[in-house]
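Below is one structure; the comments refer to it alone.
The values are calculated or read from the model by the stated rules, or taken from the named source; none is laboratory data. These numbers were taken from a predicted model, which means no experiment stands behind them. Because the Cβ atoms are built from the backbone with ideal geometry, glycine has one as well, and the counts that use them run over all protein chains shown.
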Amino acid sequence: MNPMQAPRLNRLQEAWLQEIGLDKRMLAQFVAPLAGPESAVDTSVQAEPEPSAPKLMPAEPRLPVRRQVQAEPEESPAKTLQPVPQIWEELIAHIGECQACELHKGRSHAVSGTGALTAPEWLVVGEAPGSVDDRTGLPFQGKAGQLLQAMLASIQVTGQTTVFYTNLIKCRPLGNRTPTPDEIAACLPYLQRQIALLGPRRILALGGLAAQALLGLNDDLENLRGKVHAMRSEDGRSIPVLVTYHPTALLLRPQHKLDAWRDLNLARTVPGAEG
Ligand code: URA
């Protein structure tokens, strides 16, 4: 497309761009660098019949996942209740009763996640439940969740796309403080088992902590975002991992929304892992 020509956008995409502080014409200036031959990123977003942003609903119980995962990985030094179940429903019940770290004392609900249970197109991994999430037992129910839906809609991840939403940490840290390394170590086996059982085609990590834990890297968010990574699941699949800003960080620092838009456009081009 002509780099100066405004791209065609649907209403949700326009709303997101307005939030970023860009309009269609301003966006056209960014199309060329984003869509350059090296980046293979196609920003010529197509008009589509007004998708509705997906609403997070409880996971459908009618889709039990019984994919067999490999034997227990080396014993975790953390106090996660062992063994971590290999059957989805048992895993969720186990998370609900977990007392592996202090966070269980302050929780109303452990928030294990919600969404499509069989090879979802996307697994979205946030940091930890917020206060509304803790009350309802569902992830991303607050303002960050609303922004997340707008972000996903901007790359056509809408109600038609299969997504599972979860967090690195399943219980809310009081005051929404950053989870400690011990809390992350105690909870990570649950996320790893969820990944093996769900078999997602791609993973979107929101924020540095989720990205570092999934990739086993200590790099800053700035070094992790803007690239396509891969992680190996417990059952040996290589799954593409994309990293971007956490929506809560974007609410606090909207100046990063343009970079988030770039990350999301990169995410849109990434072929998913085989099922
Ligand atoms: N709610 C979640 O479920 N996760 C986050 O990371 C933030 C809010």
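Could you please tell me which pairs satisfy a Cβ distance under 9 Å, a separation of 6+ or placement on different chains, a first residue in the range 123-134 that is within 25 Å of residue 267 (Cα to Cα), and a second residue that is more than 6 Å from the ligand (Cβ to nearest atom) and acidic (Asp, Glu)? What qualifies is 128/183. At least 2 residues being small (Gly, Ala, Ser) is the threshold, and among the helices (runs of 4 or more DSSP H) wholly inside the range 75-176 those reaching it are 88-97, 143-153.
More than 20 Å from residue 188 (Cβ to Cβ) and more than 16 Å from the ligand (Cβ to nearest atom) - does that describe any residue in the range 235-248? Looking for residues that are more than 20 Å from residue 188 (Cβ to Cβ) and more than 16 Å from the ligand (Cβ to nearest atom), one finds none in the range 235-248, hence no.
Within the range 149-189, being under 16 Å from residue 131 (Cβ atoms) and buried (at least 24 other Cβ atoms within 10 Å of the Cβ) holds for 167, 169, 170, 171, 172. Taking the range 124-133 as the range and being within 7 Å of the ligand (Cβ to nearest atom) and over 23 Å from residue 201 (Cβ atoms) as the test, the residues that pass are 128, 129, 130, 133.
Considering (1) under 22 Å from residue 162 (Cβ atoms); (2) modelled with pLDDT under 95, the lone condition that residue 176 does not fulfil carries the number (1).
In the range 190-275, counting only strands (runs of 3 or more DSSP E) that sit wholly within it, the ones holding 3 or more residues that are crowded, with 16+ Cβ neighbours inside 10 Å and either touching a Gly at 6+ places or on another chain (Cβ under 6 Å) or modelled with pLDDT of 95 or more (or both) span 203-206, 238-244.
For the condition aliphatic (A, V, I, L, M) and in contact (Cβ under 8 Å) with a residue 12 or more places away in the chain, residue 264 qualifies. The sole residue among 166, 178, 136 that is within 13 Å of the ligand (Cβ to nearest atom), within 12 Å of the chain's Cα centre (by Cα), among the polar types (S, T, N, Q) and in the same structural domain as residue 261 (by TED's automatic domain parsing) is 166.
Listed by first and then second residue, the pairs with beta-carbon distance under 6 Å, at least 6 apart or on different chains, first residue in the range 136-153 and farther than 16 Å from residue 169 by Cβ and of a type in the set (A, V, I, L, M), second within 10 Å of the ligand (Cβ to nearest atom) and outside any loop (DSSP other than H, G, I, E, B), are 147/247; 148/247. Does residue 229 meet the test of being away from the ligand (no atom under 16 Å from the Cβ) and touching a Leu at 6+ places or on another chain (Cβ under 8 Å)? In short, yes.
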